[in-house]
């Protein structure tokens, strides 16, 4: 464990990014780049649960704590990746207070939670470390709920107050679409929603998180109170790097041809 939860509650500003290619190689490259956390995306990413283990292993020796975004708060979606060694879960599509409560239950063992227990899991050194893992799972495992539906905005204070919810994470694209203001980050409806999210988290000593479109947005959301901030993905990094290099080569080709 890389103490990501302690760092959240210590008030650190933690930077992360997405892993959406399902690749162990790009996971290792990104994890070694200096991010505090990296999110393996099996909601929208190209990979599936079958690729999660390799990506967790790739991140193990890097500075980045491994978070996994699952498809839903169904119990089996949670305990599968937690058993493999994820340090936290991001749960999308939170509509109600009950949805957020179910997310926490998916992270915790009974009687407070609903996570199934097994000793021979990678997260507990295949049994050798289960007693410590079990005793400290509430202290170590991060539960992130996504704020990306219009319905949940009326319950932000209640969601933030749930014991076990650690981060309220805005999904800016889904939220702006839900509010009918897609592509308008300065629209009053969107600004009001993100401010309310950050305020609700701060009241309870929790963190507010968001995925940035580009690094230039960092100060804007930092000033709103966001401290769990992501930007980019392995797919974006590859696409942008490839496009930039190809464009440079095309320009050089044309320039050289013109000189003949």
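The values are calculated or read from the model by the stated rules, or taken from the named source; none is laboratory data. None of these values were measured; they are calculated from a predicted model. Methodologically, a virtual Cβ is constructed for each residue, glycine included, from the backbone with ideal geometry; neighbour enumeration extends over all protein chains shown.
Could you tell me which numbered condition residue 71 fails, if it satisfies all but one of (1) in contact with a helix residue (DSSP H, G or I) (Cβ under 7 Å, 6 or more places away or on another chain); (2) closer than 26 Å to residue 157 by Cβ; (3) in a loop (DSSP other than H, G, I, E, B)?
Only one criterion is unmet by residue 71, namely (2).
So which residues in segment 43-68 are touching a strand residue (DSSP E or B) at 6+ places or on another chain (Cβ under 7 Å), under 29 Å from residue 110 (Cβ atoms) and part of a loop (DSSP other than H, G, I, E, B), if there are any at all?
Once the filter is applied, which keeps residues that are touching a strand residue (DSSP E or B) at 6+ places or on another chain (Cβ under 7 Å), under 29 Å from residue 110 (Cβ atoms) and part of a loop (DSSP other than H, G, I, E, B), segment 43-68 yields only 43.
In the list 235, 209, 205, which residue meets the criterion of being in contact (Cβ under 8 Å) with a residue 60 or more places away in the chain, under 18 Å from residue 18 (Cβ atoms) and not in a helix (DSSP H, G or I)?
Testing whether each residue is in contact (Cβ under 8 Å) with a residue 60 or more places away in the chain, under 18 Å from residue 18 (Cβ atoms) and not in a helix (DSSP H, G or I) leaves just 209.
Would you please name the residue that is farthest from residue 214 (Cα to Cα), looking only at residues in segment 10-42 that are in a strand (DSSP E or B) and out of contact with any helix residue (DSSP H, G or I) (no Cβ under 8 Å at 6 or more places or on another chain)?
Per the stated criteria, the residue is 41.
Table: residues versus (1) surrounded by fewer than 21 Cβ atoms within 10 Å (Cβ to Cβ); (2) more than 18 Å from residue 69 (Cβ to Cβ).
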| site | (1), (2) |
| --- | --- |
| 10 | yes, yes |
| 21 | no, no |
| 25 | yes, yes |
| 34 | yes, yes |
| 48 | yes, no |
| 51 | yes, no |
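Determine which member of the set 123, 103 is touching a residue at least 12 places away in the same chain (Cβ under 8 Å), within 25 Å of residue 151 (Cα to Cα) and not in a loop (DSSP other than H, G, I, E, B).
Sole residue among the options that is touching a residue at least 12 places away in the same chain (Cβ under 8 Å), within 25 Å of residue 151 (Cα to Cα) and not in a loop (DSSP other than H, G, I, E, B): 103.
Tell me which residues, restricted to segment 82-98, are crowded, with 18+ Cβ neighbours inside 10 Å and either assigned to a loop (DSSP other than H, G, I, E, B) or modelled with pLDDT under 95 (or both).
Across segment 82-98, the qualifying residues are 85, 86, 87, 92, 94.
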